[in-house]
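Read-outs throughout are calculated quantities, based only on the coordinates presented, and are distinct from any laboratory measurement. All figures in this text were calculated on a predicted structure; none of them were measured in a lab. Cβ: placed from backbone, ideal geometry, glycine included. Neighbour counts: every protein chain shown.
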Amino acid sequence: MPIMPDTKSPHESNRAFYDRISEAYDLIADANERAARLVGIRELALKPGETVLEVGFGTGNEILDLAAAAGPEGKVHGIDISPGMLAVAQRKIAKARPAAAVELRVADARELPYGDESFDAVYSSFTLELFPPEEIELPLREIARILRPGGRFGNVSMAKVKPGQHASTLEEIYIWMHRNFPHIVDCRPIDAPARLAEAGFEIAKCIDLEIWTMPVSAILAVKPAGWTSSSSGKLRSESDAHLHIQPGTFHARGENVVCGLHGGGYPGFHGSTDAGYPGADHPVPE
């Protein structure tokens, strides 16, 4: 019998894949990704009373972090393509009973079901790299559309190896797996700072991270007051920190580490710290 080609779109394949692994996702991936996600949450520096959206909320761990930061006067919304992930996240929300109002739904990031300029902040992690390269601009433009002028976008993504640096063996294997078995390894490294700038965002900060020797970037971007759908952004600052994440620990090196952790923001943190951004005195809830 001939093998029939997979005719599903990348969007449909992603939905089916995450539905299948939703109940086990925290064990499969989140244990290694959690520290990087928290850097993105930290940089977003959500304030009490703000309205925030998470694009690709997964099993809901960061929804709870955002709800704790937004407080009883804040509102937290989330979208994900996977009904399975939604079910897992809703159970966590029901158990935790956060003070902030939380509303989750299944939706497509390429067509966000929200009005223009309706959010103070948007957060996303390990989601942009799931889109085909030619489609990444679509969710970015939607995120910019729903953000208020001056609104912040915190993004964490797998990053490309920088010019002059060499990919680790694991990175090379990962890229090969994605190229040959995209139904198993669904995401791939992207140049997130460049893509955000192309979409019209101003890049306020870009922090280099590593998970198992594979580069990751945590970005804080801002929607400029004069943004339009044809806007072009400008990268304002380069990464001034280099951090390493290993299971159970969070290591930092560099002359000026900007995480503002005060030596106690994350379990297992090692290295010098510097309160280099707004909100550094407000640690992410454990």
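Let's test the formula: R0 of 22 Å, r as the Cβ-Cβ distance of residue 110 and residue 161. What FRET efficiency results, to the nearest 0.05?
0.20
Go through 150-157, 49-56 and give me the packing order, highest mean Cβ count within 10 Å leading.
Highest to lowest by the protection proxy: 150-157, 49-56.
Taking amide hydrogens as modeled 1.01 Å from N in the peptide plane, which residues meet the under 5 Å criterion relative to residue 101, leaving out close sequence neighbours?
Amide H neighbours of residue 101, under 5 Å, 5+ apart: 74, 76.
Amide H of residue 54: which non-local residues (sequence gap of 5 or more, or other chain) have their own amide H closer than 5 Å, using H built in the peptide plane?
77, 78, 79, 123
Going by how many other beta carbons lie within 10 Å of each one, how would you line up 64, 196, fewest first?
Listed from fewest to most nearby Cβ atoms, that is 64, 196.
Apply the Karplus curve 6.51 cos²θ - 1.76 cosθ + 1.60, θ = phi - 60°, to the phi angles in segment 36-41 and return the couplings in whole Hz, x for Gly and Pro.
Calculated HN-Hα couplings, in order: 5, 4, 5, 4, x, 4 Hz.
For a 22 Å ceiling on Cα separation, which of these pairs sit above it: 92/223; 160/205; 162/205; 162/223; 47/223; 47/205?
92/223; 162/223
Between residue 212 and residue 73, what is 0.36 nm times their sequence separation minus the Cα-Cα distance? Round to one decimal in nm.
Gain on extension, residue 212 to residue 73, equals 46.2 nm.
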